[in-house]
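The values are calculated or read from the model by the stated rules, or taken from the named source; none is laboratory data. These figures come from a predicted structure and were not determined experimentally. Neighbour counts run over all protein chains shown; Cβ positions are idealised from the backbone, glycine included.
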Amino acid sequence: MANNDMLIKLYDMDLDCGFISEQAEQKVIIRKPIGPDRVAITSWAERHFPQTWLGEIQRALDNVPCSCFIAQRQSSLLGIACYDATALGYFGPLGVVEPARGSGIGRSLTRACLLDMRLKGYGYAIVGMASNSEFYRKVAGAIEIPDSDPGLYRSTLALKE
């Protein structure tokens, strides 16, 4: 089954930030990481997500300003979402640890990144090789880009391993 890229119209996105307070009610903070968070995030990502994501997460952490958001409850990381990590205008990766799934964290992290992209002036966001197209349709009104699997990823060394 193909994992085509998806396109999100950022200019149609509403600017409601209520998702941040909704998560705060569940004691979850949605925020951009700062320098001292880098080692903890990288170590956590290595334990919970595919190896191919590590380079993208590191790239997003290196961008100035950082192009990712994290979700945390107290000192526990629950999820991460990045953009401008694979290529400019690309959203992802997005990951939430198994026990925290279904609580709206993934939706909130996605919305935080997309809103940040819109405020930076992006008109569109691309979700590369979207593995859960229904999620992106529901959360962001994404549409599939035909014949785009593997798209930009076709020559990456990670697919050759």
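Going through the stretch 8-31 one residue at a time, which ones are without any contact (Cβ under 8 Å) to a residue 60 or more places away in the chain and out of contact with any helix residue (DSSP H, G or I) (no Cβ under 8 Å at 6 or more places or on another chain)?
Within the stretch 8-31, D14, D16, G18, S21, A24, E25, K27, R31 meet the criteria.
Determine whether G141 is in contact with a helix residue (DSSP H, G or I) (Cβ under 8 Å, 6 or more places away or on another chain), small (G, A, S) and within 24 Å of K27 (Cα to Cα).
So G141 does not fit the description; no.
Sort through S67, S103 and tell me the only one that's in contact with a helix residue (DSSP H, G or I) (Cβ under 9 Å, 6 or more places away or on another chain), under 24 Å from N3 (Cβ atoms) and among the polar types (S, T, N, Q). Can you show your working first?
On the way: S103 fails: under 24 Å from N3 (Cβ atoms).
It is S67.
Answer yes or no as to whether A81 is among the small types (G, A, S), within 11 Å of the chain's Cα centre (by Cα) and in a loop (DSSP other than H, G, I, E, B).
no
Kindly evaluate S67 against the criterion of being crowded, with 20+ Cβ neighbours inside 10 Å, without any contact (Cβ under 8 Å) to a residue 60 or more places away in the chain and not hydrophobic (A, V, I, L, M, F, W, C).
Details: crowded, with 20+ Cβ neighbours inside 10 Å: yes; without any contact (Cβ under 8 Å) to a residue 60 or more places away in the chain: yes; not hydrophobic (A, V, I, L, M, F, W, C): yes.
Considered against the rule, which asks whether it is crowded, with 20+ Cβ neighbours inside 10 Å, without any contact (Cβ under 8 Å) to a residue 60 or more places away in the chain and not hydrophobic (A, V, I, L, M, F, W, C), S67 comes out as yes.
How about the stretch 106-124: which of its residues are over 11 Å from the mean Cα position of the chain (by Cα) and farther than 15 Å from C17 by Cβ? Full working, then the answer.
Of all residues in the stretch 106-124, those over 11 Å from the mean Cα position of the chain (by Cα) come to 115-124.
If the condition is that a residue be over 11 Å from the mean Cα position of the chain (by Cα) and farther than 15 Å from C17 by Cβ, then K120, G121, Y122, G123, Y124 are the ones that fit.
Would you mind finding the one in L77, L54 that is surrounded by 15 or more Cβ atoms within 10 Å (Cβ to Cβ) and either farther than 21 Å from I126 by Cα or touching a His at 6+ places or on another chain (Cβ under 8 Å) (or both)?
Working: L54 fails: either farther than 21 Å from I126 by Cα or touching a His at 6+ places or on another chain (Cβ under 8 Å) (or both).
Just one listed residue meets the conditions, L77.
If you take the residues in the stretch 97-145 that are at pLDDT below 95 and aliphatic (A, V, I, L, M), which one is surrounded by the fewest Cβ atoms within 10 Å (Cβ to Cβ)?
Of everything passing the filter in the stretch 97-145, M129 is surrounded by the fewest Cβ atoms within 10 Å (Cβ to Cβ).
Does R59 satisfy being of a type in the set (K, R), modelled with pLDDT of 95 or more, in contact with a strand residue (DSSP E or B) (Cβ under 9 Å, 6 or more places away or on another chain) and surrounded by 15 or more Cβ atoms within 10 Å (Cβ to Cβ)? Give the derivation first.
Details: of a type in the set (K, R): yes; modelled with pLDDT of 95 or more: yes; in contact with a strand residue (DSSP E or B) (Cβ under 9 Å, 6 or more places away or on another chain): yes; surrounded by 15 or more Cβ atoms within 10 Å (Cβ to Cβ): yes.
Considered against the rule, which asks whether it is of a type in the set (K, R), modelled with pLDDT of 95 or more, in contact with a strand residue (DSSP E or B) (Cβ under 9 Å, 6 or more places away or on another chain) and surrounded by 15 or more Cβ atoms within 10 Å (Cβ to Cβ), R59 comes out as yes.
Quick test of your reading of the structure: T156 fulfils all but one of (1) surrounded by fewer than 23 Cβ atoms within 10 Å (Cβ to Cβ); (2) at pLDDT 95 or above. Name the failing condition by number.
(2) is the only condition that T156 fails.
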